[in-house]
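Beneath this line is the structure, given in structure tokens, with notes to follow.
The values are calculated or read from the model by the stated rules, or taken from the named source; none is laboratory data. Bear in mind that the values here come from a model prediction, so they are computed numbers and not experimental data. Cβ sites come from the backbone with ideal geometry, for glycine too, and all protein chains shown count toward neighbours. We work out accessible area using only protein heavy atoms, side chains counted, and drop any ligands, DNA or RNA first. Shrake-Rupley method; radii C 1.70, N 1.55, O 1.52, S 1.80 Å.
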Amino acid sequence: MKKIPNGQMTVYCGPMFAKKTTALIAEVQVIQDNFDDPKISVFKPSIDNRYDLTDIKTHDGHSLQKLTGLTVQPVPVDFDFTKVESNFIIIDEIQFFKENSFKSIMKILERECDVVVAGLDLDSNGEPFGIMPKILCYSNYIEKLSSICSCCNEEATRTFRKVKAKETVLVGGTDLYEPRCLKHWSEGMEELQNS
């Protein structure tokens, strides 16, 4: 078995429907298989209530709790992660968390806790999403995932919001969002502006 880690951060990012949460769950399973008695804490923002209030589920219904046996803690978007005593901290939907949560993540890395996160790197307007730019800058390992464009079946790197809305954060699934390539995302954004 490997020795307990020393403060590294791994990020899975990309648009919606790119299997980021699937990769996050797989990472947890790798940790469970390769470390002797790892202390793992799993978190998600409490505003993410799309598929389950107290579990992390993929868009196709796979449950982190069922696959790993771990409990998921829904927490406020300004949660202080320094309160957590673990060797591994797993966080889904990292883009929703606030600046003070980012600072607390940096502190737990300093105390040699490994952090694995998943989240959107860009919002539906094509802008860097929340704390994600800082998370990416301070990460040791980054895996940028993509999806399949809902218009042309080519690689999708953007998340397109199908409805006009002013707020950046609008939690939803296929009812509100779809993956698109840059060309079809741009065309869709233009159509929304002109509607």
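See the values below:
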quantity	calculated
Those residues of region 81-121 which are farther than 11 Å from residue 44 by Cα and of a type in the set (S, T, N, Q), in sequence order	82, 86, 87, 100, 101, 104
Selected residue (criterion: most open to solvent (accessible area, probe 1.4 Å)) from residues of region 29-69 that are more than 17 Å from residue 87 (Cα to Cα), free of Cβ contacts under 8 Å to residues at least 12 places away in the same chain and assigned to a helix (DSSP H, G or I)	66
Enumeration of residues in region 7-28 that are part of a strand (DSSP E or B) and either aromatic (Phe, Trp, Tyr) or open to solvent by 60 Å² or more (accessible area, probe 1.4 Å) (or both)	12
Which listed residue, of 72, 84, is surrounded by 21 or more Cβ atoms within 10 Å (Cβ to Cβ) and in contact with a Ser or Thr (Cβ under 7 Å, 6 or more places away or on another chain)	72
Any hit, region 36-56, residues being among the polar types (S, T, N, Q) and in contact with a Lys or Arg (Cβ under 8 Å, 6 or more places away or on another chain)	no
Among (1) modelled with pLDDT of 95 or more; (2) surrounded by fewer than 18 Cβ atoms within 10 Å (Cβ to Cβ); (3) not in a loop (DSSP other than H, G, I, E, B) - the single one residue 78 does not satisfy	(3)
Within region 88-182, strands (runs of 3 or more DSSP E) holding 2 or more residues that are exposed (fewer than 15 other Cβ atoms within 10 Å of the Cβ)	141-144
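Yes/no matrix, rows are residues, columns are (1) within 18 Å of the chain's Cα centre (by Cα); (2) at pLDDT below 95; (3) under 21 Å from residue 81 (Cβ atoms):
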| residue | (1), (2), (3) |
| --- | --- |
| 120 | yes, no, yes |
| 123 | yes, no, no |
| 139 | yes, no, yes |
| 163 | no, yes, no |
| 174 | yes, yes, no |
